[in-house]
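Worksheet: the structure to be examined is printed underneath.
The values are calculated or read from the model by the stated rules, or taken from the named source; none is laboratory data. Quick caveat, the model's predicted, so the values are computed rather than measured. Cβ atoms come from the backbone with ideal geometry, glycine included; neighbour counts cover every protein chain shown. Just the protein is used for accessible areas: all its heavy atoms, side chains included, with ligands, DNA and RNA removed. Shrake-Rupley method; radii C 1.70, N 1.55, O 1.52, S 1.80 Å.
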Amino acid sequence: MDDRVVVVPKAGADLYLSELEMSGTAPCETPESFPASPADGRTRIGIKVQDGCAHRCTYCIVPLTRGKPRSRAPQEVLDEARRLLRAGYAELMLSGVNLRQYGRDVPGYGDFWDLLRFLDENLAPEFAGRARLRISSLEPSQLGGRGLETLTACRLLCPHLHISLQHASLAVLKRMGRGHYTAAMLEEAVATLTAHWPRIGLGADILVGFPGETDEDLRLLLELIERLPLSYAHVFPYSRRPGTAADAFAGHLPQAVKLKRAALTREAVARRHQRFLRDQLDLPGMLVAADASKHVPPEAEREAPEIGDGPGVWCKGVNEFYAPCLFRAPAAGAAGQPDALTGLLAARPVRVTEKGLLVELKKNEA
């Protein structure tokens with residue numbers, strides 16, 4: 001995307017689709033097209049449980065490219081999750097284009113909260129403490145009574161949420177076609193969740209520079225960012241998409257204004273992100289899911305030459321709060337690749353770096 005601004009590594013569902021999908025050349029998936037995920041030795045993987053969307057936000061091209069909502073059968077999701085966990089995966093992300101619409105096409109499936117409870121009840125007896133679930137993206141409107149009860153009851157769930165927020169101003173949300181929730185709903189839900197999860201990773205999608213957005217609207221957004229325990233965000237300057245309702249709206253802002261507002265929002269999020277990382281330094285330990293395909297350049301040695309004993313390879317991963325973690329793993333042989341990084345790796349935080357949280361693997365527990 002030519003004007004997309006991403007603050008930290010992506011966690012959840014896309015706000016915009018790829019250029020191929022936006023061009024209309026990507027095929028819509030069929031109800032049978034939830035392909036099985038490969039058991040290829042990695043530690044983290046996603047399971048697609050839903051596709052399509054019927055909401056039609058005024059800026060979004062998804063309904064034109066993804067088609068109507070389609071849900072994957074709960075038993076099929078459970079079977080794949082169990083297969084992947086038994087194959088050695090330590091973290092599964094439940095993903096969908098719009099999880100709020102899970103089950104609407106097949107009422108017998110229940111909604112997304114029914115699916116999450118079903119998975120947790122069936123997987124936790126075997127995998128609690130050894131593996132975990134993560135959710136790709138939710139809306140504030142989903143965080144009502146049943147949603148909060150489900151989140152706090154699940155034994156496998158990470159203390160991390162990614163929220164499709166988009167904005168704090170109700171006037172902007174209504175023009176976006178998202179007037180079914182408010183920023184206050186999210187704040188109330190977070191207050192409830194932090195009573196259960198004293199620490200929480202909280203990410204968000206944010207769209208600035210929408211047609212008609214005022215300085216006052218931006219002020220409301222920046223103030224919300226300061227109030228929330230936000231740990232990262234994906235910040236997008238609004239970009240016109242042919243075929244969407246917003247393309248015909250009055251009040252489109254100059255590109256320079258949109259980019260400036262995105263930069264101000266990005267700066268506010270970056271301050272929250274650094275605070276989020278610093279707050280984790282007093283934790284006695286954490287569990288890191290490694291991404292075996294992402295190694296850190298050798299220059300990382302300068303960050304903490306004292307970490308680890310003997311030769312090793314710097315690797316990346318995320319902890320339960322979705323904080324990016326850097327750590328040194330033992331090297332395997334002359335190839336200079338790390339030993340198999342399977343399961344959840346017990347680690348202790350060392351310090352904050354520009355690239356994330358520096359951690360040290362605990363001996364006899366990795």
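Here are the numbers for the structure shown:
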| item | result |
| --- | --- |
| Span from the the range 240-294 Cα centroid across to the the range 49-106 one, whole angstrom | 23 Å |
| Inter-label distance, nm, simple model (7 Å from Cα along the C-beta direction), Glu223/Thr194 | 1.8 nm |
| Given Lys174/Lys355; Lys68/Lys355; Lys68/Lys260; Lys68/Lys174; Lys68/Lys316; Lys258/Lys355, the pairs whose alpha carbons are separated by over 32 Å | Lys174/Lys355; Lys68/Lys355; Lys68/Lys260; Lys68/Lys316 |
| Highest-first arrangement of 140-150, 226-236, where packing means the average Cβ count within 10 Å | 226-236, 140-150 |
| Relative contact order for the range 95-172, counting Cα pairs under 8 Å that sit 6 or more residues apart, in percent | 33 percent |
| Integer Hz, Karplus 6.51/-1.76/1.60 couplings in order for the range 163-178, x for Gly and Pro | 10, 7, 8, 6, 6, 9, 7, 5, 4, 5, 4, 5, 5, 6, x, 10 |
| Amide N proximity, the range 199-243 versus Leu283 label position 7 Å along Cα-to-Cβ, cut-off under 15 Å | 199-203, 230-232 |
| Amide proton proximity set for Ala204, modelled H, under 5 Å, gap of 5+ | Ile163, Tyr232, Ala233, His234 |
| ³J(HN,Hα) computed for each position of the range 123-136 - Karplus, 6.51 cos²θ - 1.76 cosθ + 1.60, integer Hz, glycine/proline x | 9, 4, x, 9, 10, 4, x, 10, 8, 8, 10, 9, 10, 5 |
| Accessible area of Lys355 in the full protein assembly, 1.4 Å probe (Å², nearest 10) | 130 Å² |
| Cα-projected label distance for Asp79 with Arg146, points at 7 Å along beta-carbon direction, nm | 2.6 nm |
| Local electrostatic count at Arg261 - Lys and Arg +1, Asp and Glu -1, tallied over other residues with Cβ under 10 Å | 0 |
| P(r) weight above 17 Å for the range 170-252, C-alpha pairs, percent | 53 percent |
| Contour minus Cα-Cα distance for Glu126 and Val106 (0.36 nm per residue) | 4.3 nm |
| Local electrostatic count, Pro324, Cβ distance below 9 Å [Lys/Arg +1, Asp/Glu -1] | +2 |
| Tyr89 accessible area, assembled protein chains, probe 1.4 Å, Å² | 10 Å² |
